[in-house]
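**Student:** The structure is given below, and queries will be raised subsequently.
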Amino acid sequence: GAAAADGGGDGSGVAWLRFEGGAAMKIVWQPDERPGTRWARRWGTLRKAPGEALPRGGVGEASCSEARSEAVAAAPAFTVDATATLPSADEAATVTISFLFVQVFHCFADGACYYPLVGDLVDAYVHAAAEAAKDGNFSQGALPMPTRPPPPDAFEVLQGRLFETLRFRPAADRHSLRGAVWKYCGEGYSHNICIREESFEALNLCAVRYAIPFDYLLLALTVLGTARAGGEERVEMTLYVPMRDGHEVSMVGLFADWRDIVVAVPKASATTLGVVVQVADILRQRRWSVYNALRKPERTVCNFMHLDPQASRGPFKQLEDGQWSGGDSLDYPPKRGHTMDYTNQPLRYDFIQEHAAAWWICVKMEYRAHPPAWTRRMICAIEEGIIDLVL
């Protein structure tokens with residue numbers, strides 16, 4: 001494993017453990033060659049045998065950047081702080097950790113399908129384990145599953161929504177035929193805002209006090225920041241909406257759709273609490289319109305990524321993707337002023353729940369429409385909005 005320290009002063013760098021054969025384990029340290037830069041936040045395991053060259057380029061857990069390949073090849077760049085002897089097989093037993101990886105493709109289903117799928121799988125595992133514990137044998141063949149009523153036909157429901165759209169009927173839950181025919185292609189940059197610790201506790205108290213879900217609160221603060229950064233009095237956004245009601249919660253299929261909302265933020269009278277209440281009412285009452293694919297190149301798209309509310313299901317515990325995946329990269333080269341990232345929208349917000357008490361607001365912006373000065377104003381407006389709600 002590896003641990004990284006942020007740059008910005010003497011003594012910063014990166015350290016990891018290296019197994020060099022037998023029972024020897026070394027703690028390896030590489031100092032920061034460019035103080036003031038920031039190390040990558042996420043690290044994978046360094047897979048390198050003694051004297052073996054690291055792979056160049058590529059993407060994946062076993063790949064690394066060209067800068068790291070050159071740095072590792074230069075032995076003097078590393079200093080070994082300590083050498084530890086691993087316990088023998090007799091002293092410590094090997095621990096095997098199993099995991100279940102769930103991936104949902106949007107051509108078949110949406111992210112909300114994780115809950116019924118994983119719920120059924122965990123129920124089956126817990127039931128099989130309980131039966132095996134009774135008989136002392138886990139290999140007796142198929143075990144009877146707990147009986148439950150069959151779910152409704154998800155395909156029939158989705159097909160009905162599609163037909164409502166093709167027949168131009170004004171049904172509230174009709175499909176928007178979202179697509180990428182009218183694409184947007186630009187260059188921009190990203191900025192991430194983390195809400196945790198004291199900020200999360202304060203906002204969570206506000207959410208409880210006003211009886212507003214925490215994700216609604218974050219969206220409202222983002223609307224406020226967008227309006228004040230650009231001097232707008234009318235903020236339009238496109239949201240990924242679950243579009244599930246009642247029995248549809250247990251269905252597996254592509255039920256998520258895009259819906260457009262409009263929030264009024266007049267300069268003369270808009271307040272932080274007023275915007276929060278307005279956004280909450282729009283979402284609760286579904287005062288939105290069906291997404292118009294013709295306007296895709298100009299839309300601000302918002303997406304929410306929640307953790308499983310039941311973080312632990314039986315013997316399983318959900319982990320964030322970044323806690324177990326990621327490649328080996330030592331330092332990302334500076335991009336601003338040289339090359340910029342590709343953006344598929346002028347402005348995009350991703351609200352990611354890292355754990356029960358931390359959220360990320362990940363913003364990706366097109367450079368010409370939203371230069372760094374706009375981003376600074378947006379961040380200041382969100383900070384002021386949080387202070388207004390708390391005080």
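The values are calculated or read from the model by the stated rules, or taken from the named source; none is laboratory data. Nothing here was measured: the structure is a model prediction, and the numbers come from that model. Using ideal geometry, Cβ is built from the backbone for each residue, glycine included, and neighbour counts are taken over all protein chains shown. When the accessible area is computed, the model is the full protein with side chains, heavy atoms only, and any ligands, DNA or RNA have been set aside. Shrake-Rupley method; radii C 1.70, N 1.55, O 1.52, S 1.80 Å.
**Student:** Taking the condition of being in contact with a strand residue (DSSP E or B) (Cβ under 9 Å, 6 or more places away or on another chain) and of a type in the set (G, A, S), how many residues in the range 278-318 meet it?
**Tutor:** 3
**Student:** Return a yes/no flag: does the range 182-195 have any residue that is touching a helix residue (DSSP H, G or I) at 6+ places or on another chain (Cβ under 6 Å), loosely packed, with under 14 Cβ neighbours inside 10 Å, modelled with pLDDT under 95 and closer than 24 Å to H106 by Cα.
**Tutor:** Within the range 182-195 (the criterion being touching a helix residue (DSSP H, G or I) at 6+ places or on another chain (Cβ under 6 Å), loosely packed, with under 14 Cβ neighbours inside 10 Å, modelled with pLDDT under 95 and closer than 24 Å to H106 by Cα), the answer is yes, since at least one residue qualifies.
**Student:** Could you check the range 343-359 and list, in sequence order, the residues that are among the aliphatic types (A, V, I, L, M) and part of a strand (DSSP E or B)? Show your work before the answer.
**Tutor:** Of all residues in the range 343-359, those among the aliphatic types (A, V, I, L, M) come to 347, 352, 356-358.
Within the range 343-359, L347, I352, A358 qualify.
**Student:** Can you tell me which residue is farthest from I387 (Cα to Cα) among those in the range 253-286 that are over 23 Å from the mean Cα position of the chain (by Cα) and basic (K, R)?
**Tutor:** R286
**Student:** Let me ask another. Step by step: first the residues of the range 258-279, then only those that are among the β-branched types (V, I, T) and open to solvent by less than 50 Å² (accessible area, probe 1.4 Å), then the one that is farthest from R174 (Cα to Cα). Which residue is that?
**Tutor:** T272
**Student:** Looking at the range 373-391 only, could you name the residues that are open to solvent by less than 50 Å² (accessible area, probe 1.4 Å), in contact (Cβ under 8 Å) with a residue 24 or more places away in the chain and not hydroxyl-bearing (S, T, Y)?
**Tutor:** W374, M378, I379, A381, I382, G385, I386, L389, listed by residue number.
**Student:** Just to be sure I understand, how many residues within the range 280-299 are open to solvent by 50 Å² or more (accessible area, probe 1.4 Å) and closer than 24 Å to Y342 by Cα?
**Tutor:** Adding up the residues that qualify gives 4.
**Student:** Is there any pair with a first residue in the range 340-351 that is basic (K, R) and a second that is open to solvent by 50 Å² or more (accessible area, probe 1.4 Å) whose Cβ atoms are under 6 Å apart and which are 6 or more apart or on different chains, and what are they?
**Tutor:** R348/K364
**Student:** Looking at the structure I just gave you, is L205 surrounded by 18 or more Cβ atoms within 10 Å (Cβ to Cβ) and either within 29 Å of R174 (Cα to Cα) or not basic (K, R) (or both)?
**Tutor:** no
**Student:** A further question on this structure: One residue is enough: does the range 231-241 have a residue meeting the conditions on the phi < 0 side of the Ramachandran plot, in contact (Cβ under 8 Å) with a residue 12 or more places away in the chain and in a loop (DSSP other than H, G, I, E, B)?
**Tutor:** Of the residues in the range 231-241, the ones on the phi < 0 side of the Ramachandran plot are 232-241.
Within this subset, residues satisfying the condition of being in contact (Cβ under 8 Å) with a residue 12 or more places away in the chain are 232-241.
With the extra rule that they be in a loop (DSSP other than H, G, I, E, B), the set shrinks to 232-233.
Within the range 231-241, one or more residues are on the phi < 0 side of the Ramachandran plot, in contact (Cβ under 8 Å) with a residue 12 or more places away in the chain and in a loop (DSSP other than H, G, I, E, B).
**Student:** Identify the residue in the range 214-242 that is among the small types (G, A, S) and either touching a His at 6+ places or on another chain (Cβ under 7 Å) or surrounded by fewer than 21 Cβ atoms within 10 Å (Cβ to Cβ) (or both) and, among all such residues, is nearest to P309 (Cα to Cα).
**Tutor:** Per the stated criteria, the residue is A229.
**Student:** Can you say whether A357 is more than 16 Å from S190 (Cβ to Cβ), at pLDDT 95 or above and open to solvent by less than 60 Å² (accessible area, probe 1.4 Å), as far as the supplied structure shows?
**Tutor:** So A357 does not fit the description; no.
**Student:** Related question: Exactly one condition in (1) on the phi < 0 side of the Ramachandran plot; (2) modelled with pLDDT of 60 or more is not met by G136; state its number.
**Tutor:** Against the list (1) on the phi < 0 side of the Ramachandran plot; (2) modelled with pLDDT of 60 or more, G136 comes up short only on (1).
**Student:** Could you run through the range 327-345 and say how many residues are modelled with pLDDT of 70 or more and closer than 24 Å to G111 by Cβ?
**Tutor:** Count: 5.
**Student:** Follow-up. For A311, indicate whether it is under 23 Å from the mean Cα position of the chain (by Cα), small (G, A, S), open to solvent by 30 Å² or more (accessible area, probe 1.4 Å) and modelled with pLDDT of 85 or more.
**Tutor:** The answer is no for A311.
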